[in-house]
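Notes for the one structure printed next.
The values are calculated or read from the model by the stated rules, or taken from the named source; none is laboratory data. Nothing here was measured: the structure is a model prediction, and the numbers come from that model. In this analysis, Cβ positions are derived from the backbone assuming ideal geometry, glycine residues included, and neighbour counts consider all displayed protein chains.
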Amino acid sequence: MPQRVTSILTILLIVARVLLDYTMAKNATQHAIENSTTTYIKSVKVPNTTVLKEGRNNDKLGWIITKTLWKGKRMYSLTLEERATCPPTCHHWDDCYGNNMPFAHRFAHGPELLKAIDAQLQTLTDKWPEGIVVRLHVLGDFWNRAYVNFWFTMLNKYPTLCIFGYTAHYLTHPMRHAIDSLNLCSNDRSMIRYSYNGTYDPIMPHRKFAATEDYKGDTFDCPEQTDRIDSCAKCGACFNKRITKTVRFLDH
C-alpha cells in the first residue's frame, strides 16, 4: 500500500476515534444532566481520612491566607458530587465545569462524610494553631439544611475554623434561610456567597453574591481569573467582610 494512502488512513482512524470519544463524552454528560449526577461516576469516592485537600495542591486556591482577618490560616478544600448535591435551579446545571474535570476526587455525601470531616478538622486544627479555612465546595453544594447546620456545629466546635464558598441556593428559600443564618451567626467566620446575579443590600449584610461575567451591577472581576493575583489565599476578596460588591466570574 502506497505510503500516502497509509498516512491518510491513519489520519482518518484518528479522526474517527476522536469523534467517537467526543460522542461518548457528550452522551455521558447528557445522561448526567438528566439523572442529577456527575459525568464521571467512577470519580465519586467513599469518604476517607483526608476528604479535605490542601490548597497548595491547587494553584487557584493557594495555601497560606495573606489578607483579611483570616490571615495566617491554611487553605483546604472539599469536593462533592456535582448535581447530586446541587439544586436544579443552578444556572450551570448543564455546563458545570465539573463536566471537564474527569480526575477530580468527589466524595460521596452522607453521614460517613460528616464523620470524616469532623475527624479531620480535629486533626488539622490541632496541627495548625492559627487555624484553617475550608473552601466549600469546589464541586457540589449544600445538599440539605441538616448539612448546613453541620457546618454551624463545626464552627462552634473548632473556634479557629473558617469557611467560604458559593451556593446556587438563592432561589430555594428554606435553604437560603439556613445559609443566611450560617453567615449571620458565624462571627465573620463564614462567607458563603450566592451564585446569583444580584447586588448587595445593606439591609441584608450577610448576603453577598457571585455573578456571571455579563452582569452589569455593582461588581468587581475575580482578581485570580484576571491574572491580577495568583491565588484565592493571596486575594481574600470573596471572604473579606468589608468588600460588599458582587464578585463577577468569567464564564467557563
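Observations on the model:
- Enumeration of residues in segment 231-252 that are touching a helix residue (DSSP H, G or I) at 6+ places or on another chain (Cβ under 9 Å) and part of a helix (DSSP H, G or I): Cys232, Ala233, Cys238, Phe239
- Residue in segment 130-140 that is in contact with a helix residue (DSSP H, G or I) (Cβ under 8 Å, 6 or more places away or on another chain), crowded, with 18+ Cβ neighbours inside 10 Å, closer than 17 Å to Arg207 by Cα and modelled with pLDDT of 95 or more present: yes
- Selection status of Met204, of a type in the set (A, V, I, L, M), assigned by TED's automatic domain parsing to the domain that holds Gly131 and exposed (fewer than 13 other Cβ atoms within 10 Å of the Cβ): yes
- Residue within segment 79-88 that is surrounded by 14 or more Cβ atoms within 10 Å (Cβ to Cβ), of a type outside the set (Gly, Ala, Ser) and at positive phi present: yes
So that you can scan it fast, the table gives a plain yes or no per residue for (1) at pLDDT 95 or above; (2) more than 16 Å from Glu82 (Cβ to Cβ):
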{"position": "Pro2", "(1), (2)": "no, yes"}
{"position": "Arg17", "(1), (2)": "no, yes"}
{"position": "Thr29", "(1), (2)": "no, no"}
{"position": "Val46", "(1), (2)": "yes, yes"}
{"position": "Thr50", "(1), (2)": "yes, yes"}
{"position": "Gly55", "(1), (2)": "yes, yes"}
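- Some residue of segment 164-177 being of a type in the set (Val, Ile, Thr), modelled with pLDDT under 95 and in the same structural domain as Asp126 (by TED's automatic domain parsing): yes
- Top-ranked residue of segment 176-190 - restricted to ones that are in contact with a strand residue (DSSP E or B) (Cβ under 8 Å, 6 or more places away or on another chain) and among the charged types (D, E, K, R), ranked as nearest to Arg242 (Cα to Cα): Arg189
- Test for Arg193: is it of a type in the set (Lys, Arg), modelled with pLDDT of 95 or more, under 23 Å from Thr244 (Cα atoms) and in contact with a Phe, Trp or Tyr (Cβ under 7 Å, 6 or more places away or on another chain): yes
- Residue list for segment 221-230, filter: without any contact (Cβ under 8 Å) to a residue 60 or more places away in the chain and part of a loop (DSSP other than H, G, I, E, B): Cys222, Pro223, Gln225, Thr226, Asp227, Arg228, Ile229
- Residue in segment 154-194 that is farthest from the chain's Cα centre (by Cα), counting only those that are surrounded by fewer than 20 Cβ atoms within 10 Å (Cβ to Cβ) and of a type in the set (D, E, K, R): Lys157
- Subset tally (residues that are under 20 Å from Ser190 (Cα atoms), out of contact with any Leu (no Cβ under 8 Å at 6 or more places or on another chain) and surrounded by 19 or more Cβ atoms within 10 Å (Cβ to Cβ)) for segment 38-75: 6
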